[in-house]
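Asker: I am attaching a structure below and will ask some questions about it afterwards.
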Amino acid sequence: MVNKIFLGLVLLGVPISVIGSFLHWPSVIMFIVYCLTIVALAGFMGRATESLAIVMGPRIGGLLNATFGNAVELIISIFSLKAGLVGVVLASLTGSVLGNLLLVAGLSFFVGGTKYKRQKFNVFDARHNAGLLIFAVIVAFVIPEVFTQDMNESSTMSLSVGISIILILLYLAALFFKLVTHRGVYQHTEKPEEHEEEVPEWSRKKAIIILAAATLAVAYVSEKLVHTFSEVGETFGWSELFIGVIIVAIVGNAAEHASAVIMAYKNKMDVAVEIAVGSTLQVAMFVAPVLVLISLMYPTHMPLVFTMPELISMVTAVFLMIMISNDGETNWFEGLTLLAAYFIMGIGFYLL
C-alpha cells in the first residue's frame, strides 16, 4: 500500500516539480510538492539499498545503507550552502540528530513496545555507540562553541576544518572497527532467534539503476526546494532555525524514519536502534564535517559552530538516549519519554 502511494507520488511529483518550476507556480504549493516528492524518492532509495544489502552481503549493505541513508539530506544541504543558507544547514544537522535520537528511536520503541512488553537489542553495540555519541556531539560540537568565543572568523574556520578532518577519519575508523576487525566479536549472549533467508525485492542491476535515478531526481528537486525556503518562512512565520530543525530534517530522513519503526514492529530491535543511532553518528561524524569542507568552495563558509539552543538540545538528546538504551532493552514508556522530549524541543524551536 505504502509502496503504491510512493510510486504515485513519484510519477506525479517529478513532472509537476519540473513544470511548476518553469511556470513559476506559488512557492508554498511547490514547497509541499517538492517535500512529498523527496519523501517518495527517499522511499525508493531505501528499498534499493535494502535489496543491495541482501544481494551483496551485510558489510557492503551496511555501508550502502549508511551512505544513502543520509544522501537526501546531504544533497539538500549542499544546495542550501550554495544559496548561502548556512543557518538552515546547521539547523538541519541539529534536526537530524534530534530527529533520529528522539523522534525515530522514540517512535520505534513506542510502536514496538505496544506489541511486545520488553524488546532487547545488543547491549555491547549500545555501549559502543554511547561513547561515540558523546564524542561526536558533545566533544566535537561543544569544543568549537567554547574555543571560538574569542576567535576571529579565519581562526574559527581553521578550527572547524581541523575538527572536521578528525571526525571523518574517526568515522572511517569506526566503520573499519565494526565491519572488519571486530565484526561479530560482540554478539548477544543468548541464542539468536531463527530467521528465514531474506529475498531481495529487486535484482542487483535493477536496484542500482533505481538508486541512481532516484538520487539524480532528488538532486534536481532538492535544488528547487531550497529556493522556496525564504518565501515559505515568511508566509507561515517560520524561522530559518525551525525550517532546518524540523522540516528539512524530517523530509531528509523520511525513509529511515519509516524503516526503523517497521523493524521495531517486527521486533528487529538491533536494526531499528542501528538505524536511529547509526544515522545520528553518520550525521555528526561524516555529513556535518563534509559540509564544512564543501562550504570552502562557496563564498559563504560554514563553521562547525551551532547556536546555544541547538547545542543544548543535541547534548540533552544524547544523554537521554544513552540513559534509556544503555541496558540493552526498551518498552513503550521509554519511547514515549523520547517523543515527549522531541515535542518539547520542537515547540521551543517553533517559538524562537
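Asker: At a probe radius of 1.4 Å, what is the per-residue accessible area of Lys120, in Å² to the nearest 10?
Answerer: Around 100 Å² of this residue is reachable by solvent.
Asker: In whole Å, what are the extents of the range 3-149 along the principal axes defined by its C-alpha atoms, from largest to smallest?
Answerer: 54, 47, 33
Asker: Over the range 1-147, calculate the relative contact order: mean separation of alpha carbon pairs under 8 Å at least 6 apart, over the residue count, as a percent.
Answerer: Here the relative contact order equals 13 percent.
Asker: How much area per residue is accessible in the chain when the probe is 1.4 Å and only protein heavy atoms are counted (Å²)?
Answerer: About 47 Å² of surface per residue is accessible.
Asker: Can you order the peptides 324-331, 227-234 by their average number of other Cβ atoms within 10 Å per residue, highest first?
Answerer: 324-331, 227-234
Asker: Follow-up. Using θ = phi - 60° and the Karplus curve 6.51 cos²θ - 1.76 cosθ + 1.60, what whole-Hz ³J(HN,Hα) does each residue of the range 131-146 get, with Gly and Pro shown as x?
Answerer: x, 5, 4, 4, 5, 5, 8, 7, 5, 6, 9, 7, 3, x, 4, 6
Asker: Could you give the distance between the Cα centres of the range 1-61 and the range 86-112, to the whole Å?
Answerer: Cα centres, the range 1-61 to the range 86-112: 20 Å.
Asker: Now a separate question. Once you have the Cα-Cα distance between Glu329 and Glu198, take 0.36 nm times their residue separation minus that, and quote the gain in nm to one decimal.
Answerer: Residue separation times 0.36 nm, minus the Cα-Cα distance, leaves 44.6 nm.
Asker: Right, here's the next one. Which pairs, out of Lys4/Lys224; Lys4/Lys268; Lys224/Lys268, put more than 31 Å between their alpha-carbon atoms?
Answerer: In this structure, Lys224/Lys268 exceed 31 Å between Cα atoms.
Asker: Quick check: at a probe of 1.4 Å, how many percent of the accessible area of the chain sits on carbon and sulfur atoms?
Answerer: Solvent-exposed carbon and sulfur of the chain make up 69 percent of the total.
Asker: Taking the Cβ of Ser51 as the centre, find all other residues whose Cβ is under 11 Å away and add up their charges (Lys, Arg: +1; Asp, Glu: -1).
Answerer: Local net charge: +1.
Asker: Give me a comma-separated list of calculated 3J(HN,Hα) values for the range 104-116, in order, Karplus coefficients 6.51, -1.76, 1.60 applied at θ = phi - 60°, integers in Hz, x for any Gly or Pro.
Answerer: Using θ = phi - 60°, the values come out as 5, 4, x, 5, 4, 5, 5, 5, x, x, 6, 9, 10 Hz.
Asker: Full extension from Thr316 to Leu296: what is 0.36 nm times the residue separation minus their Cα-Cα distance, to one decimal in nm?
Answerer: 4.2 nm
Asker: Note the full-extension length gain between Leu216 and Phe147 as 0.36 nm times their separation in residues minus their Cα-Cα distance, in nm to one decimal.
Answerer: Stretched fully, the Leu216-Phe147 segment lengthens by 20.9 nm.
Asker: Could you work out [θ]222 nm for the chain from helices alone, using -39500 (n - 2.57) per DSSP H run of at least four and dividing by all its residues? Round to the nearest 500 deg cm²/dmol.
Answerer: Computed mean residue ellipticity for the chain: -23000 deg cm²/dmol.
Asker: Mind ordering 139-148, 280-289, 236-245 by average Cβ neighbours within 10 Å, highest first?
Answerer: By packing density, highest mean first, the sequence is 280-289, 236-245, 139-148.
Asker: Same structure again: Using the Cβ atoms and a cut-off under 14 Å, what net charge is assigned to the surroundings of Val10, where Lys and Arg are +1 and Asp and Glu are -1?
Answerer: +2
Asker: Tally Lys and Arg at +1 and Asp and Glu at -1 over the other residues with C-beta under 15 Å from the C-beta of Asn331: what net charge comes out?
Answerer: Around Asn331, the charge tally is +1.
The values are calculated or read from the model by the stated rules, or taken from the named source; none is laboratory data. These numbers were taken from a predicted model, which means no experiment stands behind them. Ideal geometry is used to build each Cβ from the backbone, glycine not excepted, and the neighbour counts take in all protein chains shown. Remember, those area values only see protein heavy atoms, side chains included, never the ligands or the DNA or RNA. Shrake-Rupley method; radii C 1.70, N 1.55, O 1.52, S 1.80 Å.
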